[in-house]
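Engineer: Below you'll find the structure I mean.
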Amino acid sequence: MQCREMKKYLILLFSACATVLAAQYGPQPPFTIEVEPVATTNPLPGLHSCAFAQSGSKWLFVGGRINGLHGFSTNDNFPVEYANTNIVVIDTASWQYYMATVNNLPQAIADPLTSTNMQFVQDGNYLYMTGGFGWDSVTNRYTTFPTLTAIHVNDMINAVMGSTSIAPHIRQLTDTNMRVCGGEMLKFNGHFYLFFGHDFRGRYSDPPVPTFTQVYNEQIRQFDLVDNGTTIQVTNYVAYTDTNNFHRRDLNVSPMLYPNGSFGAEVLSGVFRKNVDLPVLNPITFNGTTAVVDSSFDQLFNNYTCPILPVFDSVHGSNYTVLFGGMSLYDYNPQSGLPVYDSLVPFVADISCMMRDANGQHGQGILPATMPGLRGTNARFIPVHSAPYYSNDVLRLRNITNRLLVGYIAGGIRSDLPNRPNTTAVHDTIYRVYLTPDQLLLSAGNNSLKPSFLHIYPNPANDKLTVRIKLETADELQLDVFDVQGRVVRSERKSFAAAQTDYVISTAAFAPGFYKIRLSGKNVQATQSFGVMR
């Protein structure tokens, strides 16, 4: 049987094909995902790590890069010639694109617009962008810009498509609190939030030499914008600081809903830990004033910035965040049915789903679909607003009955190999993303043992597995563990009270591999997958 690496090479050869299916791993969401390429007559411009906004059928891109992954020496890290110096518009009704250069603008205005990894959010008809890393022509060095930029989306799209001046539709202010790159930005509950990131100045190099400074922000920065269309003012600035858990960049921050319907944000993974160059694994939920770190859960997959699709089940109060490809500390191997650890954090094709139930417990599963090749890093998910989204761009799962186009994946970096010496390049293929709800899972009665009431960890396990069970009513449960051949490797019956119980199973005698645990009782039925790895 071919290894996972060979499968990835084959996926690359047939990248024009639709989604490749693989075995699933871990808990699964109550829906399936499909990814398929958009066939266009003319090649579209490739971009990654850029800011984005949309209006109707038209997409607007600003900044970012037009080459692959940055280099790792002072000579090939972020060459100026590969900075995106165009404002790009793509009309998805015809798949035609239009461009306008920023080089005709004053250099102090143009430079931040060509930066990479800026934070951004679209608020109505304005695209707000903060920071970003790039070449500063005024100081003649690489820097993180202390800049907030506002672009009128419709006017900018019309100017680019009509070949008129773009200058009147750009406004900027300088504010050192906006000097951030590699973070994320959201707006909810009436406020803007700037999550984490860092202030990087000078030439990137590996190993580090005294040619740069780097300071992690270790903050969630809250502020309001007073914008009358002519002037912008930053007001009500507040910073929430955590020097340990907020030490992250190049991460994903997903909008979410709490069970009561209020909006919040979920922070997923990111790099790097303070003491070692590995991803930070614990997720964080943030309601606008309080951040809660789930130190009991490790996010193994899709740890680097990649496209995300947030989904909410209003009946069960569960959040699901689908992560598409990117780079990951673990790569799922469908032949062994286990995650493969790689400290180099390779490019992966895995599509996973992070889950947060109504009780705040987390899980993550690898979905049966994969990306068409090693893609997704620094790409963007673009929602289709004809689909039923909340105002914070979280998909309303209960409003979908059949297979539905819910969005697109655009841009990003592609790689031919998981690790160096690989060849990377900007990716110019657009993908459609379809979601199909699983009506059987969604229609499960309130007495069923849903993911809200079952959590298993660590997954994969080593010598023991903790099964966290929460029951609304006392029940006697049959617990069975099956291997990949369907053979029962453990079976027992136990009474559980109407409470949360942590039940520990010894896996020391289990061979490394893929297993399923099934719990059944008078009022409950549940099955989840886990692995054993040593």
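The values are calculated or read from the model by the stated rules, or taken from the named source; none is laboratory data. On a predicted model such as this, the values are computed, not experimentally measured, just so you know. Please note: Cβ atoms are built from the backbone with ideal geometry, for glycine as well, and neighbour counts cover all protein chains shown. Note: areas computed on protein heavy atoms with side chains; ligands, DNA, RNA excluded. Shrake-Rupley method; radii C 1.70, N 1.55, O 1.52, S 1.80 Å.
Engineer: Taking the stated definitions as given, is ARG380 crowded, with 22+ Cβ neighbours inside 10 Å and over 24 Å from HIS48 (Cα atoms)? Walk me through how you get there before you give the answer.
Structural biologist: Numbers: crowded, with 22+ Cβ neighbours inside 10 Å: yes; over 24 Å from HIS48 (Cα atoms): no.
No; evaluated as a whole, the condition is false for this residue.
Engineer: Where the second residue is buried (at least 22 other Cβ atoms within 10 Å of the Cβ) and among the small types (Gly, Ala, Ser) and the first is on the phi > 0 side of the Ramachandran plot and lies in segment 54-72, which pairs have Cβ atoms under 7 Å and are six or more apart or on separate chains?
Structural biologist: Qualifying pairs under 7 Å: GLY63/ALA51; GLY63/SER115; GLY63/GLY132; GLY64/SER49.
Engineer: Considering segment 78-118 alone, what residues qualify as being over 27 Å from SER386 (Cβ atoms), charged (D, E, K, R) and touching a residue at least 12 places away in the same chain (Cβ under 8 Å)?
Structural biologist: ASP111, the sole residue that qualifies.
Engineer: Among the residues of segment 332-346, are any buried (at least 23 other Cβ atoms within 10 Å of the Cβ) and under 15 Å from the mean Cα position of the chain (by Cα)?
Structural biologist: No.
Engineer: Could you tell me whether segment 253-265 includes any residue that is touching a helix residue (DSSP H, G or I) at 6+ places or on another chain (Cβ under 9 Å), crowded, with 17+ Cβ neighbours inside 10 Å and either in contact (Cβ under 8 Å) with a residue 40 or more places away in the chain or at positive phi (or both)?
Structural biologist: Within segment 253-265 (the criterion being touching a helix residue (DSSP H, G or I) at 6+ places or on another chain (Cβ under 9 Å), crowded, with 17+ Cβ neighbours inside 10 Å and either in contact (Cβ under 8 Å) with a residue 40 or more places away in the chain or at positive phi (or both)), the answer is no, since none of the residues qualifies.
Engineer: Let me ask you something else. When the residues of segment 34-45 are filtered to those that are surrounded by 15 or more Cβ atoms within 10 Å (Cβ to Cβ) and at pLDDT below 95, which remaining residue is farthest from the chain's Cα centre (by Cα)?
Structural biologist: So the residue we want is THR40.
Engineer: Any residue at all in segment 467-485 that is touching a helix residue (DSSP H, G or I) at 6+ places or on another chain (Cβ under 8 Å), among the β-branched types (Val, Ile, Thr) and assigned to a strand (DSSP E or B)?
Structural biologist: Checked segment 467-485: at least one residue is touching a helix residue (DSSP H, G or I) at 6+ places or on another chain (Cβ under 8 Å), among the β-branched types (Val, Ile, Thr) and assigned to a strand (DSSP E or B).
Engineer: Scan segment 374-401 for residues that are in a loop (DSSP other than H, G, I, E, B) and among the aromatic types (Phe, Trp, Tyr) and report the count.
Structural biologist: Number of matching residues: 1.
Engineer: Kindly check whether there is at least one residue in segment 438-452 that is acidic (Asp, Glu) and closer than 17 Å to GLY317 by Cα.
Structural biologist: Within segment 438-452 (the criterion being acidic (Asp, Glu) and closer than 17 Å to GLY317 by Cα), the answer is yes, since at least one residue qualifies.
Engineer: Same structure, new question: For PRO339, only one of the following conditions fails: (1) within 22 Å of PHE188 (Cα to Cα); (2) in a strand (DSSP E or B); (3) not aliphatic (A, V, I, L, M). What is its number?
Structural biologist: For PRO339, the exception is condition (1).
Engineer: Please work out which one of (1) assigned to a loop (DSSP other than H, G, I, E, B); (2) at pLDDT 85 or above; (3) under 22 Å from HIS362 (Cα atoms) is the condition ALA511 fails and give its number.
Structural biologist: Here ALA511 meets the rest and fails (3).
Conditions (1) closer than 21 Å to GLY326 by Cα; (2) modelled with pLDDT under 95; (3) in contact with a Phe, Trp or Tyr (Cβ under 6 Å, 6 or more places away or on another chain), marked per residue:
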residue: ALA51; (1), (2), (3): yes, no, yes
residue: TRP59; (1), (2), (3): no, no, no
residue: GLY64; (1), (2), (3): yes, no, no
residue: GLU81; (1), (2), (3): no, no, no
residue: VAL102; (1), (2), (3): no, no, no
residue: GLN107; (1), (2), (3): no, no, no
residue: PRO112; (1), (2), (3): no, no, yes
residue: THR116; (1), (2), (3): yes, no, yes
residue: GLN119; (1), (2), (3): yes, no, no
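Engineer: Another question, then. In segment 103-140, what count of residues is obtained for those that are closer than 25 Å to ALA265 by Cα and in a strand (DSSP E or B)? Full working, then the answer.
Structural biologist: Of the residues in segment 103-140, the ones closer than 25 Å to ALA265 by Cα are 116-133.
From what is left, the residues that are in a strand (DSSP E or B) are 116, 119-123, 126-130, 133.
Here the count works out to 12.
Engineer: Here is a further query. Out of the strands (runs of 3 or more DSSP E) lying entirely within segment 141-245, which hold 3 or more residues that are in contact with a helix residue (DSSP H, G or I) (Cβ under 7 Å, 6 or more places away or on another chain) and surrounded by 18 or more Cβ atoms within 10 Å (Cβ to Cβ)?
Structural biologist: 147-152
Engineer: Residue by residue through segment 402-452, note down the ones that are at pLDDT below 95, under 25 Å from PRO30 (Cα atoms) and part of a loop (DSSP other than H, G, I, E, B).
Structural biologist: Within segment 402-452, ASP438, SER443, ALA444, GLY445, ASN446, ASN447, SER448, LEU449, LYS450 qualify.
Engineer: Hey, can you tell me all the residues within segment 276-331 that are open to solvent by 10 Å² or more (accessible area, probe 1.4 Å), over 26 Å from PRO259 (Cβ atoms), in contact (Cβ under 8 Å) with a residue 40 or more places away in the chain and part of a strand (DSSP E or B)?
Structural biologist: MET327, ASP331
Engineer: Looking at segment 85-102, which of the residues that are among the β-branched types (Val, Ile, Thr), under 27 Å from the mean Cα position of the chain (by Cα) and not in a loop (DSSP other than H, G, I, E, B) is nearest to ILE430 (Cα to Cα)?
Structural biologist: Filtering first and then ranking leaves ILE90.
Engineer: Does segment 122-146 hold any residues that are in contact with a Lys or Arg (Cβ under 8 Å, 6 or more places away or on another chain) and either polar (S, T, N, Q) or over 30 Å from VAL215 (Cβ atoms) (or both), and which are they?
Structural biologist: Residues satisfying the conditions are THR143, THR144.
Engineer: Do you know which of the residues in segment 453-465 that are part of a strand (DSSP E or B) and surrounded by 15 or more Cβ atoms within 10 Å (Cβ to Cβ) is modelled with the highest pLDDT?
Structural biologist: Going residue by residue through segment 453-465, those that are part of a strand (DSSP E or B) are 454-457, 461, 464-465.
Keeping just the survivors that are surrounded by 15 or more Cβ atoms within 10 Å (Cβ to Cβ) gives 454-457, 461, 465.
Values: LEU454: 64, HIS455: 72, ILE456: 80, TYR457: 81, ALA461: 88, LEU465: 91.
Here the answer is LEU465.
Engineer: Here is a further query. For a quick check of your reading of the model, give me the residue pairs whose first member lies in segment 510-523 and is closer than 16 Å to ASN333 by Cβ, whose second is open to solvent by 30 Å² or more (accessible area, probe 1.4 Å) and in a strand (DSSP E or B), with beta-carbon atoms closer than 7 Å and at least 6 apart or on different chains.
Structural biologist: Partner pairs satisfying both residue conditions: TYR515/PHE482.
Engineer: Could you figure out which of (1) surrounded by fewer than 20 Cβ atoms within 10 Å (Cβ to Cβ); (2) assigned to a loop (DSSP other than H, G, I, E, B) isn't true of GLU81?
Structural biologist: Looking at each condition in turn, GLU81 falls short on (2).
Engineer: Something else now. Do you know which of the residues in segment 392-414 that are closer than 21 Å to ALA53 by Cα, out of contact with any Phe, Trp or Tyr (no Cβ under 7 Å at 6 or more places or on another chain) and not hydrophobic (A, V, I, L, M, F, W, C) is least open to solvent (accessible area, probe 1.4 Å)?
Structural biologist: GLY412
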